[in-house]
1. Scan the stretch 65-79 for residues that are over 11 Å from residue 129 (Cα atoms) and in a helix (DSSP H, G or I) and report the count.
2. Hey, could you check the stretch 163-186 for residues that are open to solvent by 70 Å² or more (accessible area, probe 1.4 Å) and at pLDDT below 95 and say which is farthest from residue 148 (Cα to Cα)?
3. Looking at (1) modelled with pLDDT of 95 or more; (2) of a type outside the set (Asp, Glu); (3) touching a Leu at 6+ places or on another chain (Cβ under 8 Å), find the lone condition where residue 58 falls short.
4. Filter the stretch 140-162 down to the residues that are open to solvent by 10 Å² or more (accessible area, probe 1.4 Å) and of a type outside the set (Lys, Arg), then identify the one that is nearest to residue 190 (Cα to Cα).
5. Which is assigned to a helix (DSSP H, G or I), open to solvent by 10 Å² or more (accessible area, probe 1.4 Å) and farther than 21 Å from residue 77 by Cα, of 189, 206?
6. List every residue pair whose Cβ atoms lie under 6 Å apart, where the two residues are 6 or more positions apart in sequence or sit on different chains, the first residue falls within the stretch 235-246 and is in contact (Cβ under 8 Å) with a residue 40 or more places away in the chain, and the second residue, located anywhere, is charged (D, E, K, R) and open to solvent by 50 Å² or more (accessible area, probe 1.4 Å).
7. Name the residue, out of 202, 214, 175, that is of a type in the set (Phe, Trp, Tyr) and in contact (Cβ under 8 Å) with a residue 60 or more places away in the chain.
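The values are calculated or read from the model by the stated rules, or taken from the named source; none is laboratory data. Since this is a predicted model, take the numbers as computed values, not measurements. Backbone-built Cβ (ideal geometry, glycine too); neighbour counts: all protein chains shown. SASA here: full protein model, heavy atoms, side chains in, ligands and nucleic acids out. Shrake-Rupley method; radii C 1.70, N 1.55, O 1.52, S 1.80 Å.
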Amino acid sequence: MANEANPCPCNAGDTLDYRSLGHEIPVEHINAYLCKPSLPTEKGVIVVHDIYGWQLPNTRYIVDMLAANGYLAILPDFYKGQEPWKPSSDWTTFSEWLKTRDAKKINKEMDVVLKHLKEQCNIRKMGVIGFCWGGAAVQHLMSSYPDFKAGVSVYGVTRLAGDRCNLLNPTLFIFGEKDEVIPLDQVSILERKLKDQCKVDFEVKIYPGQTHGFVHRKKEDMNPKDKPYIEEARSDMMDWLNRYVL
């Protein structure tokens with residue numbers, strides 16, 4: 001069973017003390033964090049944040065990592081200026097807080113970001129990745145937007161994603177074996193739905209011994225036993241994008 005007292009503990013792990021390399025920009029009615037690669041590119045990746053919002057240093061680190069690998073990467077504020085969740089927030093209010101932040105209702109924001117990338121940044125080939133709440137959003141987006149040539153859902157909370165698994169383009173799903181938020185029986189149900197509904201490439205990968213948040217919420221130097229899995233998952237994420245965002 002998922003931990004109902006702490007139903008989405010993305011705060012498991014560490015907040016990075018990290019000075020990001022990109023800059024913040026307005027994109028119509030929302031703000032976004034943008035990082036460009038050293039050379040011009042037509043390839044871009046949209047990153048969908050977890051419940052801690054677009055300003056979390058950990059997620060901006062991932063954006064910068066994508067840029068270092070040759071992608072223009074952007075992290076929009078899909079909460080549209082609403083307060084993100086905080087580690088100090090009262091978990092008994094989480095369900096009410098979440099009602100105004102539906103991971104399946106971000107199309108308006110995604111549309112303006114896609115327009116900006118195409119018209120202002122000359123991006124022609126796009127992928128999308130997301131973490132936790134954002135991972136659920138990726139499942140929705142990959143079932144709705146043919147624009148995305150590849151998607152990576154990183155411990156996407158399955159109960160927030162809905163039942164649609166008819167993905168339009170290849171999608172990688174990353175989970176931790178010891179994730180209390182997304183038990184392995186929920187992962188198995190997702191995999192069965194994907195096999196029934198999905199006509200494109202997909203992969204569901206479970207990383208041994210890993211907990212919720214391991215890809216972007218753990219410092220490798222402070223978690224030496226987890227470091228190989230953190231690095232493997234980040235490498236798998238990049239390999240998936242490189243394989244399909246062509």
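1. Residues meeting the conditions: 3.
2. By that ranking, first place goes to 180.
3. Going through the list (1) modelled with pLDDT of 95 or more; (2) of a type outside the set (Asp, Glu); (3) touching a Leu at 6+ places or on another chain (Cβ under 8 Å), residue 58 breaks only (1).
4. The first filter runs over the stretch 140-162 and keeps only residues open to solvent by 10 Å² or more (accessible area, probe 1.4 Å), leaving 140, 144-147, 149, 158-160, 162.
Applying the additional criterion that residues be of a type outside the set (Lys, Arg) yields 140, 144-147, 158, 160, 162.
Values: 140: 13, 144: 17, 145: 20, 146: 21, 147: 23, 158: 7, 160: 12, 162: 10 Å.
That would be 158.
5. 189
6. 244/149; 245/43; 245/125; 245/149
7. Values: 202 fails: in contact (Cβ under 8 Å) with a residue 60 or more places away in the chain; 175 fails: in contact (Cβ under 8 Å) with a residue 60 or more places away in the chain.
Checking each option against the conditions leaves just 214.
One line per residue, one yes/no per condition, for (1) open to solvent by 70 Å² or more (accessible area, probe 1.4 Å); (2) assigned to a loop (DSSP other than H, G, I, E, B):
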{"residue": "32", "(1), (2)": "no, no"}
{"residue": "55", "(1), (2)": "yes, yes"}
{"residue": "63", "(1), (2)": "no, no"}
{"residue": "81", "(1), (2)": "no, yes"}
{"residue": "95", "(1), (2)": "yes, no"}
{"residue": "103", "(1), (2)": "no, yes"}
{"residue": "115", "(1), (2)": "yes, no"}
